[in-house]
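Trainee: Got a structure for you, written out below as structure tokens; questions coming shortly.
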Amino acid sequence: MNILTKYFERVAVISLPVRIDRRRRFSRHLQDLGLAEGVHWVDAVPGDANPMPQGWAAGPGAWGCLQSHLQVLRSALADGLESVLILEDDAVFSPHTARCLPLLMEALPEDWAQFYLGGQHLAAPSQTASPLVWRGTNINRTHAWACRGKFLRDVIRHLERTEDYVPPAAKGPWHLDHQLGRAHETGLWAAYSSSWWLAGQEADLSDISRHDLRRRWWHPRRYAILLPFVHLAEADAGESQAQLFVPTEDKVFEACLKSDYRLAAWLYKQAELALDHGALPAWRSTRLCPRRVASLWPAGIRSDRLEDAHDYPFNGLFRHALAQSLQGKNLAAA
């Protein structure tokens, strides 16, 4: 049984019909993880299908994204659903999703209106009774989020407030996820998230920003300090980009080499960026010796190549409640 459809009455995947490549890729991905059965595919609304409000500055892609999510929410409301999980076709799931989701749903507080399986915290979340689930203060991104049926009308009404997306209410481009984040900040309803993301966004050409993007997870940045650095030799130029984040050694890097304080700050920034991409931070410059990095960085350095380097914390690289709970469940089953 598909674990997604077990916990959410409808699983809707939003996809532009013209992006057949994305549909095929995401369909294969869901099948590989056993998450494809019963999924409901929804044609996304093109950005130019409806006129944008006067003053809309976020572009047609963002307008189409808003209309697409509203389409799914309105359909769920009309059908009287108890819950709907909305996925965008550039989502990517952790291979541990099927085993982790039951733990998360058991820990999810009863008052939940939104539940994010993937996203980005723009403000620090607050703790709940379980370390597996956090209450969001401002959660960004909409590639994998669920809405509870009895809150659908409130969420739709809030998203339909087009006056919030344009000046003077909005000082710049205002997107769907910004509007949802405003609801989290003002406490319109309770939005929760997994304390470790199960869904990220796949590498692709964005239909909204039109930029080529690598895979992104936006894992909570508090864990950056726990990532070890990997030292690459010149011969390691072919190292998998999915495994490692190798920064550009530019003028900023050159300046940071002159001061341990500035270099430590640079290392932390690179670790944060690596965490965003679900990778390990690495460097290649022969001007930065491993001994110096080891003395400045709490998690130290690694010289070995982990086959599953990007699969932290489930590979034991550092401790996290979700990985520990999963391990405990596996031991109990054994």
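All of the numbers you see were taken from the coordinates with simple rules; none came from a lab. Everything numeric in this text was worked out from a predicted model, so none of it was measured. Don't worry about glycine lacking a Cβ; one is built from the backbone with ideal geometry, like all the others, and counts go over all protein chains shown.
Trainee: Would you please give the residues with an amide H less than 5 Å from that of LEU87, counting only those at least 5 places away or on a separate chain, with H modeled from the backbone geometry?
Mentor: Here the answer is ALA12, VAL13, ILE14, since their amide H atoms fall under 5 Å of that of LEU87.
Trainee: For segment 1-52, just run the numbers: alpha carbon Rg, then divide by 2.2 N^0.38 Å, N being how many residues it has.
Mentor: That works out to 1.32 for segment 1-52.
Trainee: Decide, for segment 72-126, between rounded, prolate and oblate: order the square roots of the alpha carbon gyration tensor eigenvalues as a ≥ b ≥ c, take rounded if a/c falls under 1.5, and otherwise choose prolate if a/b is larger than b/c, else oblate.
Mentor: rounded
Trainee: Determine one quarter of the surface area of the Cα convex hull of segment 33-76, which equals its mean projected area, and express it in nm² to one decimal.
Mentor: 4.2
Trainee: Separate question: Restrict the search to segment 77-117; then list the GluC sites (Glu not before Pro) that DSSP places in a loop and that have at most 13 other Cβ atoms within 10 Å of their Cβ.
Mentor: GLU82, GLU110
Trainee: If the reach is capped at under 19 angstrom between alpha carbons, list the lysines near LYS258, excluding any in the same chain fewer than eight residues apart.
Mentor: Here the lysines satisfying the reach criterion relative to LYS258 are LYS269.
Trainee: How big, in percent, is the set of alpha carbon pairs in segment 84-232 lying more than 24 Å apart?
Mentor: 35
Trainee: Provide Rg and Dmax in Å for segment 132-219, with only Cα atoms included in the calculation.
Mentor: Cα-based Rg and Dmax for segment 132-219 come out at 14.3, 39 Å.
Trainee: Antiparallel versus total DSSP beta bridges in segment 1-108: what percent is that, nearest 5?
Mentor: 0
Trainee: With only alpha-carbon pairs counted, each pair once and no self-pairs, how large is the Kirkwood hydrodynamic radius of segment 257-318 in angstroms?
Mentor: 12.6
Trainee: In addition: Using DSSP, restrict attention to beta bridges with both residues in the chain and report what percent are antiparallel, rounded to the nearest 5.
Mentor: Of all bridge pairs located within the chain, approximately 50 percent are antiparallel.
Trainee: For segment 84-162, what does the equivalent ellipsoid look like in terms of its semi-axes, each the square root of 5 times an eigenvalue of the Cα gyration tensor, given largest first in whole Å?
Mentor: So the three semi-axes of segment 84-162 are 20, 16, 14 Å.
Trainee: Using the Kirkwood radius built from alpha carbon pairs, what does the Stokes-Einstein equation give as D for the chain at 4 °C and 1.567 mPa s, in µm² per second?
Mentor: 61
Trainee: Please work out the ratio of the alpha-carbon Rg of segment 16-147 to 2.2 N^0.38 Å and round it to two decimals.
Mentor: 1.15
Trainee: Return one number: the angle in degrees, 0 to 90 and rounded to the nearest 10, between the long axis of the Cα atoms of helix 176-186 and the longest principal axis of the Cα atoms of the chain.
Mentor: 90
Trainee: Check cross-link reach from LYS6 to the lysines: straight Cα distance under 25 Å, and skip same-chain residues fewer than eight apart.
Mentor: List returned: LYS150, LYS329.
Trainee: Okay, helix-only estimate at 222 nm for the chain: each DSSP H run of n ≥ 4 adds -39500 (n - 2.57), divide by all residues, round to 500 deg cm²/dmol; what do you get?
Mentor: That comes out to -10000 deg cm²/dmol.
Trainee: Under a plain spin-label model, where a point goes 7 Å from the Cα along Cα-to-Cβ, how far apart in nm are ARG291 and LEU226?
Mentor: 3.1
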